[in-house]
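Asker: Below is the structure I would like to discuss, written out as C-alpha cells.
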Amino acid sequence: MYSFSRSLRRAALVNPNGIATRFEGRETSWKQAVEQVQRFASVLAGAGVTADVRAAIIGTNSEAYFQALFAIPWAGGISVPLHWRLALPEIIHCLDDAGVKVLLVDDAFAHLVPEILARASTIKQVIAIGTEKAPNMLSLHELLGSAELMPDAGRGGDDIVSLYYTGGTTGKAKGVILTHEDFLVNVLQWAFTVGVGRHDVFLIVAPMFHLVGGLNAVAAAMLGACVCIVRKFDAAELVREMVRSGVTKAALVPIMIDAIVACLDRQPTDLSALRRISYGGAPMPETSLQRAIKALPHTLF
C-alpha cells in the first residue's frame, strides 16, 4: 500500500545515516527525521489530529514544514498547505472550506492568528512551529521534548493525504483532493522520468505550499535522497547554498533562473554538480532559456 509513512520509514531503513534535510546550517539524518516526525505526530495527536482531521500549515519553507507534511498523515490527519500570499479573507475561506481543526503557523505569520481565530469557524487549536508563540497557541518546540514516539496511524492507499488549494484566479480557491496513492504514484513517474535517485541533493526554494515544493519533499523521502531547504529566494545566497550543499536537482520558476544567471554573470561560480533544473509556473522565454543553457552547459533543462 502506498503511504507517506512507509516511504519515510523506508528512507530510514535504506539510508539511515544519510542526510535527509539541510536547513540553515543544520543537518538531519533520515533516522533522526523519522524519530522527529513520530514526536511531531504525537504533539499533533494531543492537539486533536486524528483520522481525517484537517491540519493546515501557514509558513515559509523550513525543516518543520517538511516534517509536518509527514507528521500530519502519520497521526492520521490530512494536511492543508495554505498559500500565504493570499489575502486574509481568502485564507479564512480556505480554512473554513476545508474544515480545518488544527492550524500550524510559523513566526512570519503568527501575527495573523488573533484575527484568524476571530473569523475562522472550525479551528480548535493553533500550534506555533517557529520560536514565537502568541496567546492561545501551543509551542511545538516546547512539547517535542516530552513527546512520545507515536506509532503510525496506518493511513495510505485511497485515504486522503492532502488538500491543496488553487490560486483562486477564476473565483474562490478550490481544494484539490490528493490521496496517498495519487501523490506517491505521481512522484514515482516523475522521479523515473527526470532521472533522480538516492544520491541526489534536491533544492526546495519554491514555496512548500505549492505542489512543486511538496512533490520534491516527498520524492526525497521515497528515494532516501537529501533535500536542501531554503526559506526564501535570494539569488546570490542561493548560489552559495547550492555550492555548499552540492545541489544536483532544482525546481525553479523562470524569473528565479534569470536571477541566478545574472548572478553568475557578475560572479562566475562552479555549479557543475547541478545536473537538472525543472521549471514552470510561468512561460519560459526562449532568450532566457538560451542564456541559462549557456551559463549552465552541464545542466539539463
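What follows draws every value from the coordinates through simple rules; no lab data is involved. What you see is a predicted model, and the numbers here were worked out from it, not measured in a lab. With ideal geometry, Cβ positions are generated from the backbone for all residues, glycine too; neighbour counts draw on all protein chains shown.
Asker: Pop a pseudo-label 7 angstrom from the Cα along the beta-carbon direction at both Glu286 and Val243 and give the gap in nm to one decimal.
Answerer: So the label points at Glu286 and Val243 sit 3.4 nm apart.
Asker: Using Cα pairs under 8 angstrom and six or more residues apart, how large is the relative contact order of the chain, in percent?
Answerer: 19
Asker: Starting from the range 104-141, pick out the trypsin sites (Lys or Arg not before Pro) whose DSSP state is loop and whose Cβ has at most 12 other Cβ atoms within 10 Å.
Answerer: Lys124
Asker: Here's a follow-up. Using 13 Å as the cut-off for backbone N distance, which residues of the range 101-119 belong to the label zone defined by a point 7 Å from the Cα of Glu132 along Cα→Cβ?
Answerer: Only 105-114 fall inside the zone, counting backbone N under 13 Å.
Asker: So what's the angle, to the nearest 10 degrees on a 0 to 90 scale, between helix 88-98 and the longest Cα principal axis of the chain?
Answerer: Relative to the chain, helix 88-98 is tipped by roughly 70 degrees.
Asker: Across the range 264-280, in residue order, what do the Karplus-derived ³J(HN,Hα) couplings come to in whole Hz, using 6.51 cos²θ - 1.76 cosθ + 1.60 with θ = phi - 60° and x for Gly and Pro?
Answerer: Whole-Hz 3J(HN,Hα) from phi for the range 264-280: 5, 5, 6, 9, x, 9, 7, 10, 5, 5, 6, 8, 9, 10, 9, 9, x.
Asker: How would Leu112, Leu104 line up from fewest to most surrounding beta-carbon atoms within 10 angstrom?
Answerer: Going from least to most buried by this count: Leu112, Leu104.
Asker: Exactly which trypsin sites (Lys or Arg not before Pro) in the range 1-101 are in a DSSP loop and have at most 16 other Cβ atoms within 10 Å?
Answerer: Arg85
Asker: As an exercise, use a Förster radius of 22 Å and the Cβ-Cβ distance of Ser121 and Thr166 to find the FRET efficiency, rounded to the nearest 0.05.
Answerer: For Ser121 and Thr166, the calculated efficiency is 0.55.
Asker: The range 4-179: D in µm²/s via Stokes-Einstein (Kirkwood Rh, Cα pairs, 10 °C, 1.306 mPa s)?
Answerer: Approximately 97 µm²/s, per Stokes-Einstein.
Asker: Okay, next question. Where in the range 157-210 are there trypsin sites (Lys or Arg not before Pro) that are in a DSSP coil and have at most 12 other Cβ atoms within 10 angstrom of their Cβ?
Answerer: Lys172
Asker: Note down the nm distance, to one decimal, between modelled labels 7 Å out along Cα→Cβ at Ser146 and at Ser278.
Answerer: 4.3
Asker: For the chain, take the longest principal axis of its alpha carbons; what is the angle in degrees between that and the long axis of helix 180-194, to the nearest 10 within 0 to 90?
Answerer: 10
Asker: Next question, about the same structure. Using Cα pairs under 8 angstrom and six or more residues apart, how large is the relative contact order of the range 1-143, in percent?
Answerer: Once normalised by length, the contact order is 20 percent.
Asker: Once both axes come from the Cα atoms, what is the angle between helix 286-295 and the longest principal axis of the chain, in degrees from 0 to 90, rounded to 10?
Answerer: 70
Asker: Let me ask another. So if the hydrodynamic radius of the range 3-101 is defined as the Kirkwood radius over C-alpha pairs, what does Stokes-Einstein give as its diffusion coefficient at 4 °C and 1.567 mPa s, in µm² per second?
Answerer: 91
Asker: Using alpha-carbon positions, what is the distance between the centroids of the range 167-217 and the range 124-140, in Å?
Answerer: Computed from Cα coordinates, the inter-centre distance equals 27 Å.
Asker: Would you mind estimating how fast the chain diffuses translationally, via Stokes-Einstein at 10 °C and 1.306 mPa s with the Kirkwood radius over Cα pairs, in µm²/s?
Answerer: Rounded, D is 81 µm²/s.
Asker: Moving on to the next point. Asp265 label point, 7 Å along Cα→Cβ, cut-off 19 Å on backbone N: hits in the range 220-247?
Answerer: Answer for this model: 234-240.
Asker: Which whole-number percent is the relative contact order of the range 178-301 (Cα, under 8 Å, 6+ apart)?
Answerer: 22
Asker: As a check on your grasp of the helix formula, calculate [θ] at 222 nm for the chain: sum -39500 (n - 2.57) over DSSP H runs of n ≥ 4, divide by the residue count, round to the nearest 500.
Answerer: Computed ellipticity for the chain at 222 nm equals -12500 deg cm²/dmol.
Asker: Roughly speaking, what % of Cα-Cα pairs in the range 140-264 are separated by over 22 Å, rounded to a whole number?
Answerer: Taking all Cα-Cα pairs of the range 140-264, the fraction more than 22 Å apart is 51 percent.
Asker: Next question, about the same structure. Using a 10 Å cut-off around each Cβ, can you sort Ser3, Ser121, Ser288 from fewest to most neighbouring Cβ atoms?
Answerer: Ser121, Ser288, Ser3
Asker: Continuing with the same structure: Please build a GNM for the chain, connecting alpha carbons under 10 Å apart, and tell me which residue among Glu63, Glu142, Glu27 fluctuates the most.
Answerer: Glu142
Asker: What ranking do Trp74, Trp190 get, fewest neighbouring Cβ atoms within 10 angstrom at the top?
Answerer: Final ranking by Cβ density, sparse to dense: Trp190, Trp74.
Asker: Would you compute, for the Cα atoms of the range 255-301, the largest minus smallest coordinate along each principal axis and list the three values in descending order, in whole Å?
Answerer: Its Cα atoms span 27, 21, 15 Å along the three principal axes.
Asker: Can you list the lysines whose alpha carbon sits under 23 Å from that of Lys294, skipping same-chain ones fewer than 8 residues off?
Answerer: Lys249
Asker: Can you give the convex hull volume of the alpha carbon atoms of the range 162-229 per residue, in Å³?
Answerer: 89
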